[in-house]
Amino acid sequence: MRLALALLIASIGSVGLWTVVVVLPVVQTEFSASRGAVSLAFTLTMLGFGLGGVVVGRMTDRFGIVVAMGASIVVLGCAYVLAGLSGTLWQFIAVHFLIGLGTSANFAPLMAEVSHWFERYRGLAVTIVASGNYVAGAAWPPLTTWGIGSAGWRATYIAIGVFCAVTMALLLLVLRAQIGHAAVRDHAGEAPPRLDLNLSTNALTALLSIASIACCVAMAMPQVHIVAYCGDLGYGVARGAEMLSLMMALGIVSRIGSGVLADKIGGIRTLLIGSVAQGFALLFYLFFDSLTSLYLISGMFGLFQGGIVPSYAIIVREAMPAREAATRVGLVIFASVIGMSFGGWISGVIFDATGSYAAAFANGLAWNALNMAIVLALLLRARARLAVA
């Protein structure tokens with residue numbers, strides 16, 4: 001029941017990661033701005049999301065998920081209303097930092113909290129709640145597109161803020177009743193880490209963070225710009241929103257499947273498989289741009305990359321002390337957010353410089369290769385340690 005409630009909260013609260021992707025072309029037209037300038041709204045969203053993951057993760061370790069989630073709900077609702085009322089592009093961009101901050105509790109801290117609820121099926125549980133991010137990605141883009149067409153983007157933003165604040169607050173009250181009166185988790189009885197890489201916690205956090213940045217620079221190109229890309233090709237932004245929804249819907253399948261796989265082969269191997277598969281999908285974007293092929297490749301991309309980010313949370317729980325889980329997961333997810341925000345922004349800049357997204361896809365492939373190299377090195381180190389043992 002807790003897991004179901006957590007998934008529902010995450011599915012609603014992760015709205016902040018997807019609405020900005022849909023409104024990019026509309027806001028660009030209204031404010032007569034460049035693609036790179038408008039993409040900064042996504043960058044600020046992801047920076048707020050990443051920093052919030054660290055701060056809210058620390059709050060979760062100290063005060064419990066209910067307090068941390070309650071604070072995020074207030075910020076999220078208010079930020080959407082402020083964004084809808086923004087009078088200049090820079091106000092719109094700045095408020096998206098708060099939207100990202102309000103969204104943050106629904107990912108890294110919630111994954112860390114859920115990881116304490118399960119032992120045998122921990123990987124599956126973590127990826128199920130992480131799928132809330134992709135449920136949001138599948139549901140919110142078409143809803144946002146409909147809202148923009150019916151009432152405009154400003155009214156749509158305000159309505160989203162009110163809806164999220166009310167529904168998430170009610171769900172949080174139910175979750176609080178399910179958790180009981182233990183506001184702060186006691187980690188005294190937790191099992192020790194079961195994966196030994198002979199690295200300090202800080203060193204492993206740094207390596208996972210670099211890997212996370214690299215994979216998410218690559219991941220950002222299709223996720224952030226597929227709507228605008230379809231508009232540029234003449235297919236229309238609605239087609240792009242459909243592709244984004246397809247990408248996220250199949251990402252749910254990928255995330256849950258990666259959790260099952262991680263319970264069998266471990267987080268590092270699961271991460272490597274996802275990274276290699278993501279690279280293949282990005283390669284296809286370079287060579288095919290027909291409407292049918294873009295639907296197929298977007299579905300393939302979602303199916304391949306969905307399990308990558310939750311794998312970092314699983315690795316943290318396998319290799320680090322439980323009492324630091326939410327904070328460490330928050331740090332690594334913050335790194336992934338830096339990658340997503342930089343990747344979304346640099347792809348827009350590359351487009352402005354070249355007039356095409358081909359170079360942006362090539363840039364993503366190079367970063368993906370760096371991720372694969374780091375994860376492979378960790379896997380080889382883990383196998384060497386097992387051989388010595």
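The values are calculated or read from the model by the stated rules, or taken from the named source; none is laboratory data. If you're wondering where the values come from, they're calculated on a predicted model, not measured in any experiment. Heads up, the Cβs are rebuilt from the backbone with ideal geometry, glycines too, and the neighbour counts pull from every protein chain shown. Heavy atoms of the whole protein, side chains included, go into the accessibility calculation; ligands, DNA and RNA do not. Shrake-Rupley method; radii C 1.70, N 1.55, O 1.52, S 1.80 Å.
If a residue must be of a type in the set (Val, Ile, Thr) and under 22 Å from the mean Cα position of the chain (by Cα), how many such residues does segment 24-39 contain?
Pass one, segment 24-39, residues of a type in the set (Val, Ile, Thr): 26-27, 29, 38.
Those still in the list that are under 22 Å from the mean Cα position of the chain (by Cα) too: 38.
Residues flagged as of a type in the set (Val, Ile, Thr) and under 22 Å from the mean Cα position of the chain (by Cα) within segment 24-39 amount to 1.
Among the conditions (1) open to solvent by 10 Å² or more (accessible area, probe 1.4 Å); (2) part of a helix (DSSP H, G or I), Thr103 misses just one, which is (1).
Which residues, taken from segment 331-351, are open to solvent by less than 40 Å² (accessible area, probe 1.4 Å) and under 20 Å from Thr205 (Cα atoms)? Walk me through how you get there before you give the answer.
Kept after step one, since they are open to solvent by less than 40 Å² (accessible area, probe 1.4 Å), are these residues of segment 331-351: 332-333, 335-337, 339-341, 343-344, 346-348, 350-351.
The answer is Val332, Ile333, Ala335, Ser336, Val337, Gly339, Met340, Ser341.
Checking each residue in segment 63-96 for being open to solvent by less than 10 Å² (accessible area, probe 1.4 Å) and touching a Leu at 6+ places or on another chain (Cβ under 6 Å) picks out Met69, Ala79, Ile93, His96.
For segment 352-362, check the following and say yes or no: at least one residue is open to solvent by less than 20 Å² (accessible area, probe 1.4 Å) and part of a helix (DSSP H, G or I). Full working, then the answer.
In the first step, residues of segment 352-362 are kept if they are open to solvent by less than 20 Å² (accessible area, probe 1.4 Å); the result is 357, 360-361.
Those still in the list that are part of a helix (DSSP H, G or I) too: 360-361.
So far as segment 352-362 goes, yes, one or more of its residues are open to solvent by less than 20 Å² (accessible area, probe 1.4 Å) and part of a helix (DSSP H, G or I).
State the number of residues belonging to segment 108-132 that are open to solvent by 10 Å² or more (accessible area, probe 1.4 Å) and not β-branched (Val, Ile, Thr). Counting residues in segment 108-132 that are open to solvent by 10 Å² or more (accessible area, probe 1.4 Å) and not β-branched (Val, Ile, Thr) gives 9.
Checked against (1) farther than 25 Å from Val38 by Cβ; (2) at pLDDT below 90; (3) open to solvent by less than 10 Å² (accessible area, probe 1.4 Å), Arg328 passes all but condition (3). In segment 228-245, of all residues being touching a residue at least 60 places away in the same chain (Cβ under 8 Å) and under 12 Å from Tyr295 (Cα atoms), the one that is surrounded by the most Cβ atoms within 10 Å (Cβ to Cβ) corresponds to Leu244.
The residues in segment 145-169 that are hydroxyl-bearing (Ser, Thr, Tyr), surrounded by 17 or more Cβ atoms within 10 Å (Cβ to Cβ) and either closer than 11 Å to Val81 by Cβ or modelled with pLDDT of 90 or more (or both) can be counted, and the count is 2.
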